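Every number here is computed from the coordinates shown, using simple stated rules; none is lab data. None of the values given here were measured: they were computed from a predicted structure. We place every Cβ from the backbone using ideal geometry, glycine too, and count neighbours over all the protein chains shown.
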Amino acid sequence: MEAEPAVEVVGLVKRYGRKTAVDGLDLTVGRGAVTAVLGPNGAGKTTTIETCEGYRRPDAGTVRVLGLDPVADAARLRPRVGVMLQSGGVYAGARAVEMLQHTAKLHARPLDVDSLVERLGLGSCGRTAYRRLSGGQQQRLALAMAVVGRPELVFLDEPTAGLDPQARRATWDLVRDLRADGVTVVLTTHAMEEAEQLADQVAIVDGGRVIAQGSPAELVRSNESAGDTQEALRFDGRPGLDLGALLKALPDGTAAAELAPGSYRIRGPLDPQLLATVAAWCAQVGVLPDRLTVERRSLEDVFLELTGRELRS
Ligand code: ATP
């Protein structure tokens, strides 16, 4: 029973009229981990999550959540699964903290409402109607509502979109604490830093399918093309430096490129000697290597390589 994944999506298809939003998507979410679902706008993330939450029925494929069917077993899943919708999903006229207290009472072992309110900075919103809260306050309340019942599994759709840096950090801390308590978290985000900070597993969705899945480190490693190592040396100098001459001083297997006029990248086995050689060569040719840095490939690099740079309509 414990070995069973928290969420298992197999061959999910979801259409809106003639538009296929999700197109044969497979996703397995392990228990007790944080999984981030990434993807360009319109990739099908929200549709997938909403299907897992039982708000939408699959047109094909199967979805199991905690071993149950999210539509047929909705009543059994409700006390075990926390949901934070992108749109809030909260009655607009309700008073903020009262609503949270009410939600807490529906659960057997709720979190302490006062400390949750304080953690998420909702203390001043007590009797304010939901519709009068700022966008960020609404988000934080929706997050509080999703977790107050101490669920086993939480779905968070873009939990930090539009939040200020303080609220974003408070949200990250809360997600980390949920994970430490053994809660399974599935979140969507456009913030690559968020996925890198929080996620044990990342699934990249594009065109309604998962096109890559793994830990952030695995994704960065596995998408290295030949000779395209994770690290590079970058510096700025005057345009048109003779990189052929520089390469003669560097070990075989090193590549050098002028990416934009005066912006250089050296790729190869990066060690202190390489850095010293590049710095010495710059001194020889009378160039101060400005902004000399060791650059590491990031999840964002991988994301852009896999999903392309075009804007999505
Ligand atoms: P975003 O990052 O912009 O939130 P997403 O990956 O969550 O995008 P979805 O919201 O799942 O993407 O949308 C997938 C596709 O389905 C999009 O082309 C969208 O326009 C379409 N779509 C989503 N909801 C509906 C709906 N209720 N009716 C018709 N089309 C829809």
request  = For segment 231-287, just the Cα set please: Rg and Dmax, both in angstrom.
outcome  = 10.2, 26
request  = Report ³J(HN,Hα) in whole Hz for each residue of segment 97-110, in order, from the Karplus equation J = 6.51 cos²θ - 1.76 cosθ + 1.60 where θ = phi - 60°; Gly and Pro get x.
outcome  = 6, 4, 5, 5, 5, 4, 4, 4, 5, 6, 10, 6, 10, x
task = Provide the per-residue ³J(HN,Hα) series for segment 251-256, in order, calculated from phi with Karplus coefficients 6.51, -1.76, 1.60 and θ = phi - 60°, each as a whole number of Hz, with x at glycine and proline positions.
result = x, 4, x, 8, 10, 10
Convex hull volume per residue for segment 131-255, taking Cα atoms only, in Å³ = 201
inquiry  = I'd like to know which of 70, 94, 115 lies farthest towards the positive end of the charge dipole of segment 53-133, counting +1 on Cβ of Lys and Arg and -1 on Cβ of Asp and Glu.
reply    = 94
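Between residue 257 and residue 161, what length comes free when the chain is fully extended (0.36 nm per residue of separation minus the Cα-Cα distance, one decimal in nm)? If you can, show how the numbers build up before the last one.
Working: separation 96, 0.36 × 96 = 34.56 nm, distance 3.63 nm.
The span from residue 257 to residue 161 would gain 30.9 nm if fully extended.
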remark   = Asserting the computed 222 nm helical MRE of the chain (DSSP H runs at least 4 long, -39500 (n - 2.57) per run, divided by residue count, to nearest 500) equals -9000 deg cm²/dmol
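Kirkwood hydrodynamic radius, segment 169-313, all distinct C-alpha pairs: what's the number in Å?
Hydrodynamic radius (Kirkwood, Cα pairs) of segment 169-313 is 17.8 Å.
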key: Average silhouette area of segment 1-110, convex hull of alpha-carbon atoms, in square nanometres   = 8.6
remark   = Of 264, 55, 130, the most mobile residue in a GNM of the chain (C-alpha springs, cutoff 10 Å) is 264
query = By a straight-distance test (C-alpha under 23 Å), which lysines pair with residue 19 as possible cross-link partners, with residues fewer than eight away in the same chain excluded?
reply = 45
key: Rounded FRET efficiency, nearest 0.05, which uses the C-beta distance separating residue 108 from residue 238 and R0 of 51 Å   = 0.15
message = Distance between the C-alpha centers of segment 256-313 and segment 61-119? Whole Å please.
response = 46
remark   = Highest GNM mean-square fluctuation among 97, 287, 185, for the chain with Cα springs under 10 Å, belongs to 287
key: Cut-off of 10 Å, at most 13 other beta carbons, DSSP loop: longest stretch of the chain lacking such GluC sites (Glu not before Pro)   = 3-223
key: Percent of Cα pairs exceeding the 36 Å cut-off, where the set is the chain   = 33
key: Charge dipole (the chain, unit charges on Cβ, about Cα centre) - positive-most of 273, 284, 40   = 40
inquiry  = Could you tell me the relative contact order of the chain? Use alpha-carbon pairs under 8 Å, at least six residues apart, and round to a whole percent.
reply    = 19
Dipole magnitude of segment 231-287 about its Cα centre (Cβ charges: Lys, Arg +1; Asp, Glu -1), debye to nearest 20 = 80
remark   = Taking r as the C-beta separation of residue 78 and residue 115 and R0 as 25 Å, the FRET efficiency to the nearest 0.05 is 0.60
inquiry  = For a quick check, take a GNM of the chain with Cα springs below 10 Å and name the residue from 110, 79, 261 with the largest mean-square fluctuation.
reply    = 261
query = Which distance in nm do the two modelled labels at residue 131 and residue 305 give, with both placed 7 Å along the Cα-to-Cβ direction?
reply = 4.9
query = Which one of 302, 189, 20 has its Cα pushed farthest toward the positive end of the charge dipole of the chain, where Lys and Arg give +1 and Asp and Glu give -1 at the Cβ?
reply = 20
task = Using a 10 Å Cβ count of at most 13 others and DSSP loop calls, identify the longest part of the chain lacking such trypsin sites (Lys or Arg not before Pro).
result = 128-308
request  = Give the relative contact order (percent, whole number) for segment 1-46; include only Cα pairs under 8 Å separated by 6+ residues.
outcome  = 35
remark   = Applied in sequence order to segment 288-293, the curve 6.51 cos²θ - 1.76 cosθ + 1.60 (Karplus, θ = phi - 60°) yields integer Hz couplings, x standing for Gly and Pro, of 8, x, 6, 6, 5, 9
remark   = With R₀ set to 25 angstrom, the calculated FRET efficiency between the beta-carbons of residue 57 and residue 4, to the nearest 0.05, is 0.70
